[in-house]
Every structure is written in structure tokens, then in C-alpha cells.
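Notes for the one structure printed next.
The values are calculated or read from the model by the stated rules, or taken from the named source; none is laboratory data. None of the values given here were measured: they were computed from a predicted structure. Note that each Cβ is placed from the backbone with ideal geometry, even for glycine, and that neighbours are counted across all protein chains shown. Calculation scope for accessible area: heavy atoms of the full protein, side chains included, ligands and nucleic acids excluded. Shrake-Rupley method; radii C 1.70, N 1.55, O 1.52, S 1.80 Å.
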Amino acid sequence: MKILGIESSCDETAAAVVENGRKILSNSVYTQISRHRPFGGVVPEIASRCHTEVISQIVRDALDQAGVSLSDISAVAVTAAPGLIGSLLVGVNFAKGLCLASGIPLVAVHHTRGHIAANYLSNPSLEPPFLCLVVSGGHTDLIAVEDYTVLRPLGATRDDAAGETFDKTARAMGLPYPGGVALDRIAEEGNPDSFSFPKPSVENAPLDFSFSGLKTAVINQIHHFEQLGTEIPVADISASLRRSVVEDLIAHISLAAEETGYKKIAIAGGVSANALLRRELPAFCEKNGFAFFMPELSLCGDNGAMIAAQGFFEFSAGNISDMRLNASPSADLEKPF
Ligand code: KG4
Ligand code: ZN
């Protein structure tokens, strides 16, 4: 069964064709990074206009590269929440138009569920149940994946997401957007012992995250160097911050695994591309007897293949939408639509 997946929740316009939730037949991604870089972050108005300009071509490319036509497609899966509302609406309305004209069933996908499904594409043997940490620009979530469409949130950030913490501190240090990528790269040259930043924690909610205190401490440190008029030690600050975040993420995974008894651990989302996380977490899992899974680098960021993959499982579970489907900036992970 072939599913066409469409993703436009933030600054990537993406479409893909995936077979049976596991095999990528095509994966076409247009990233708007260069359009937003002059502003140091995503400008929602520009993002939605840009999605509108390119979405037809991106979907056409996905079908052509897969060597299929619409008549070969069993369902159109689209990210309907969460994300930037103006961006989501472009993908949702495009998918609705496609389904209305062709009679193909429409499937709404929760963006976070899509990120998790990237793991099914990169790890053919992975099946639920497992524990997944979803770390992106907007989310830091610990999730019990009980089945393909049965997900239970265990913990989430109370304030900033991990990616947002990287992006905002990177911006304060003058690194280019998207900051998380640049910070990760320069951190490789820094000394993680240079700065001791506060350990994030949430009282009485050990599975929740809080990164705003850490972010503020790092930004204060950057301002301190600016006030002194001395050069900001960008690599050392980046390395120290990156280690604090990664240690915190691993500590949360460790606790969640202990509490739930899951033996399989996965990561997903843009920050799962982080080089230190990709080194440290497999080592932790190996040492503690957990099986570890992560998406290949090209599937960590937003893409249509992950939406098509999750779309397959939603469709198989009978989760089909009609023409009343609307986009939403937020949605319940357990019962999104
Ligand atoms: O999943 P994603 O593409 O979009 C959202 O759903 O938010 O994640 C984007 C986030 C950004 O905050 C970006 O800076 C971060 O992922 N990111 C990274 C790395 N690559 C992307 N953060 C740390 N290290 C990386 N290598
Ligand atoms: Zn995302």
C-alpha cells in the first residue's frame, strides 16, 4: 500500500511516497532556510507564502520520483497539527483539494507521531512498544509508544524546547540560523568542562523538562563577555551547553525506562541529529542493556516520508478524516483528531 505524505508545519515543504509504512519510494524536501536566515529565525508569514509557492511542485516531484501516479496512492497523509497555523493550512488544504478531486482517502497526522515514525523507516525491525524521546525546535517529549497509533505522553518541557534552547543561545552568539546545527558543529571544537551551567529540573515532576533557566544562564554568560568587551568563547560555551542538554535528556530517558520497564529506546525530531546525543545515547543504552534506535540523519528533520509512514499506520487503524479537517497549532498526542 502506497501513501503520499505531505508536511508543511514549519519551514520545510515536503512530500514523499512510502510503501507499507516502511519503504521510502521518494522523499522530496524543499527547505526554506535561506529565506528565513536574514531574519535569524522562521518568519511565519514568509513560511506560509513560501509553502504556497512550492507545494504543487514538491508533490509532483514526490510522485514522479516514486514513478507512480495518483491512482497508485491509497491515501494522502498530511500533517494537520501541531505547528505554525499559516504553514499547516497550506498542506492541509492542498491535501484536501487532492483528495476531493481524486476520491483518495485523507489521513491527518500529528507531527510528533510523524517524527517517531521516521524510526520505522530507518529501523525495519523496530516495532512498538518502545520509549521515544522527541526533541525538536518546538517539542521535548518523552513518549510511551504502546502501539503504532497508541501513544502516551510521559513527560514534556514546561517552557523552552531543547532545539529552541540551542537556537536562541546560538543566535545570541552570532551563529547562523538554524542555530542548533551550527552550535553542534562548533561544539566539537570546544571544551565541555569550560562552563558549569545550572542543571535543569522540575520539582515533583522528574519526567518533565525545563530549559529556560539553562538558556538564561547561557545568555547571561554571553552578555557578560560582551560587557567585558572580550571575545565570546563560542566553541567552549557551545560544548558546555550541549553537554548539559544531552546529559539532561539521557537522565530523563534513564528514569523513564526505569519507571516503565521498556527495553527499547528511540529518539526522533530535529535535535536527534545532534552529534553528541547520537554518540552518548547509544553508549548509555549498550551499557544498560537497552536496544537503541534512531532515524538516519536525513529523516531527523521535517520530511514527508515520516508523515507518510505514520499515515500508513493511522490509515490501517481506520483513522480517516473528511473534508471538515482543519489545521491546528496544537493537538493532543493521545487523541489528536
Ligand atoms: O524537527 P525539526 O526539523 O522541526 C520542528 O519540528 O521543530 O527540528 C528543528 C530543530 C531546530 O531547533 C534545530 O536547531 C534543531 O532541530 N537541530 C539541531 C541539530 N540539527 C537540527 N539541534 C542540535 N543539533 C543538531 N545537529
Ligand atoms: Zn518537526
Excluding residues fewer than 8 positions from Lys263 in its own chain, the aspartates and glutamates with Cα under 15 Å of it are Glu127, Glu146, Asp147, Glu286
Send over a whole-number figure in Å² for the accessible area per residue of the chain, probe 1.4 Å.
41 Å²
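Take each complete run of DSSP H in the chain, measure how far its Cα atoms stretch along the helix's own axis, and keep only those covering 27 Å or more with mean Kyte-Doolittle hydropathy at least -1.0; list them.
What comes out of the filter, once short or polar helices are dropped, is 44-66, 234-260.
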How large is ³J(HN,Hα), in whole Hz, for each residue of region 6-19 in order, when computed from phi with the Karplus curve 6.51 cos²θ - 1.76 cosθ + 1.60 and θ = phi - 60°, using x for Gly and Pro?
10, 10, 8, 6, 9, 10, 10, 9, 9, 8, 7, 10, 10, 9
Gly155's amide H: which non-local residues (gap 5+, or another chain) put their own amide H closer than 5 Å, with H modeled 1.01 Å from N in plane and none for Pro or chain starts?
Leu142
Among 32-38, 185-191, 238-244, the order from most to least packed when residues are scored by Cβ within 10 Å on average
238-244, 185-191, 32-38
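Just to be sure I understand: if I project the alpha-carbon convex hull of the chain onto a plane and average over all orientations, what area do I get in nm²?
Working: hull surface 65.9 nm².
For the chain, averaging the hull's shadow over all directions gives 16.5 nm².
Taking 51 Å as R0, compute the FRET efficiency from the Cβ-Cβ separation of Glu146 and His223 and round it to 0.05.
Details: r = 45 Å, r/R0 = 0.88.
Computed FRET efficiency for Glu146 and His223 comes out at 0.70.
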Taking the highest mean first, how do the peptides 288-294, 45-51, 302-308 order by number of other beta carbon atoms within 10 angstrom per residue?
302-308, 45-51, 288-294
Taking only Cα atoms of region 24-136, radius of gyration then Dmax in Å:
15.5, 43
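Give the percent of DSSP beta bridges with both residues in region 121-278 that are antiparallel, rounded to the nearest 5. If you can, show how the numbers build up before the last one.
Numbers: 12 of 17 bridges.
Taking every DSSP beta bridge with both residues in region 121-278, the antiparallel ones total about 70 percent.
I'd like the carbon and sulfur percentage of the solvent accessible area for region 77-168, probe radius 1.4 Å, heavy atoms only, ligands and nucleic acids excluded. Spell out each step's value before the answer.
Values: 1460 of 2660 Å².
It is 55 percent, rounded to a whole number.
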Rounded to the nearest 10 Å², the accessible area of Thr230 at probe 1.4 Å
70 Å²
